[in-house]
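The values are calculated or read from the model by the stated rules, or taken from the named source; none is laboratory data. Everything numeric here is computed off the predicted structure, so don't read it as measured data. Glycine also receives a Cβ, built like all others from the backbone with ideal geometry; neighbour counts cover every protein chain displayed.
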Amino acid sequence: MESIASSLLSLAYRIFQPGFCPGDWVWATSMAGLLIGLWPVAGAFVIAVVRKFTGNRYGGAPLIAIGAIAVVSVFVMPWLLASGVSSSYRDIFGGGTGGLTQTDVANMSREFCFVGTQTEYLGGGQNVYETLFYPSDSALAYGYYLAGLVGLPILTLLAIMLLGRVALRRGPKWPGRFIWGSYVAFVLLSAGVEANTAIHLWIGFLPAVILGVIPVAIIGPPSWSTIQNSDRPPEPRPQPRPEPRPEPEPAPPQRQYAPTAVAPSPPPVAAAAVPPAASTAGDGRFERIRRLGQGGFGTVWQARDTQLGRIVALKIAHVTDPDTEERMRREARALAMLSHPNCVRVYDLVEEHDGLALVMEYLEGRSLADMVDTGGALDDQAAGRLWATLAGALSAAHEKGVLHRDMKPSNVIVDPQGLPHLIDFGIARSKNDAKLTATGMMIGTPDYTAPETAEGKEATPASDAWQLAATVSFALSGHPPRGTRETPMAALMAAARAEPASHLPAQSVHARLLRASLDPQPRNRPTLAAVEREVQGWLSRIGSSADGPVTRIVPRSQ
């Protein structure tokens, strides 16, 4: 390793050797520190490239690769090279060549300003440990060494931590411990390096790491689709079926001494599985109290179940054509698959006198749209709770293969305890359901419609994520992200053209994540799992949690 270190010194001397104070070889030592500082940059660069393919899969081979790269590039190589440079200088001070040419050794004997002879300055003093713990009588000299041997490594540690965060963007930051932990080990084990040599190595090492953030940032984080694939749990391996046991051979028939004619009994008849019929309530089981609203496919009533004595929400189709009935049945199947505290529950699918009706949980409270319109925008903490909670609710729906497709402020009910609930899966569709006859029909609310859905493309989980971000943006600003258009057709055209969001809450701490979630390209948006993780992380840092109320309101003037 000393031969490699001497080659590094020789290269640094050829690159940068100004002949002024404090000396050409002193400047070359700082250049060698800059070259050594390229190792951590290269390691972070490789880690960023690895994450482009693995995302946040921090287990098994990817984790071993990240840890090995960090240890080799941030600890092993810098420590060996720094120790080798110091050993070369000490060898030259002792009368050897340190792996350099005689000409280089002769040039090192020149004197410069306060340094004196460079050979003695770089190789004849105390090491780092001795300088810090057995200082000289000069307070000025000790202050100089304290700044160079403690201050510079601390500043470099901050740069190393920044380098790790940039390499680990869009993911958990805990693997960064491999990077900065390796650096701390490098600093501690470099206590045997000659103090003057160490100072000038740090002078070059620090700017190399700071400037190295730029190429690592250019690599960029992994795409959200890669992160989504890495966050998806592995599919369970199919269990091998047990081999059937061989049936015992039948015993030979015994001889009948008193044969009798016995009629064989008829074989048993298997009972046919009859599917249960849909519940009917044409006898006035549900007593309607008041109309709650009217949507694209039905009218919602507050009603009382006269048999069970509870208040329910009754959604009745506008028309009774087969397509509408199929859509209602599909909604019932979609909601029946969900089991989440922040999603409305479905109780039954019944036949009323005026059509097919969906019996749902009745939620007391106000819609988010009404709450913001009358009370003002939510603050960052309330909006964070709203975003994290509904992201979890939509993720639970997506795990069941259900898309909401009409996420908007009026479809979020805030109960008296301040907890949000997702309602109206009236245009929800399971991924495995066949398309209806209205293929290509625009379904949804234009102000909160994702660009790809407005173009007539298939809705995806990324579309629900866009609409949820638009809903959160409204909660923070009081406006849809693209602003309000005069007509629904104008709003639909703005969505189809993927016009940029012009009414985002610029002063919110969520502004950056909102811009990413409202990206026109679905593949560039963060997944709901990533959004939930980041927002919950922010809430925990401010001493809050995602399961609190979202009713804290600030006036619009603020």
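Which one of these is touching a strand residue (DSSP E or B) at 6+ places or on another chain (Cβ under 8 Å), modelled with pLDDT of 85 or more and over 28 Å from residue 465 (Cα atoms): 304, 366? Selected residue: 304, the only one of 304, 366 that is touching a strand residue (DSSP E or B) at 6+ places or on another chain (Cβ under 8 Å), modelled with pLDDT of 85 or more and over 28 Å from residue 465 (Cα atoms). Pairing residues of the stretch 1-25 that are closer than 18 Å to residue 109 by Cβ and of a type in the set (S, T, N, Q) with residues that are in a helix (DSSP H, G or I) and modelled with pLDDT of 80 or more, at Cβ distances under 8 Å and at least 6 apart in sequence or on separate chains, gives 6/84; 6/88; 10/104; 17/24; 17/25; 17/27; 17/28. Counting residues in the stretch 50-66 that are crowded, with 19+ Cβ neighbours inside 10 Å, closer than 29 Å to residue 526 by Cβ, at pLDDT 95 or above and not hydroxyl-bearing (Ser, Thr, Tyr) gives zero.
Count, please, the residues in the stretch 484-495 that happen to be surrounded by 16 or more Cβ atoms within 10 Å (Cβ to Cβ) and assigned to a loop (DSSP other than H, G, I, E, B). Working first, answer last.
Quick first cut of the stretch 484-495, residues surrounded by 16 or more Cβ atoms within 10 Å (Cβ to Cβ) only: 485, 491-492, 494-495.
Retained after the next criterion (residues that are assigned to a loop (DSSP other than H, G, I, E, B)): 485.
The total comes to 1.
Screening residue 513 with (1) farther than 23 Å from residue 402 by Cβ; (2) part of a loop (DSSP other than H, G, I, E, B) gives one miss only, at (2). Do any helices (runs of 4 or more DSSP H) lying entirely in the stretch 53-114 carry at least 3 residues that are under 48 Å from the mean Cα position of the chain (by Cα), and which ones are they? Where helices (runs of 4 or more DSSP H) fall fully within the stretch 53-114 and carry at least 3 residues being under 48 Å from the mean Cα position of the chain (by Cα), they are 61-70, 77-93.
Looking across 469, 498, one residue alone is part of a helix (DSSP H, G or I), assigned by TED's automatic domain parsing to the domain that holds residue 421 and in contact with a helix residue (DSSP H, G or I) (Cβ under 9 Å, 6 or more places away or on another chain). It is 469. Remark: residue 41 falls outside the filter, which requires a residue to be assigned to a helix (DSSP H, G or I), within 30 Å of residue 219 (Cβ to Cβ), without any contact (Cβ under 8 Å) to a residue 40 or more places away in the chain and not aromatic (Phe, Trp, Tyr). Filtering the stretch 120-144 to residues that are surrounded by fewer than 21 Cβ atoms within 10 Å (Cβ to Cβ) and not in a loop (DSSP other than H, G, I, E, B) leaves 120, 127, 129, 130, 132, 133, 139, 140, 141, 142, 143, 144.
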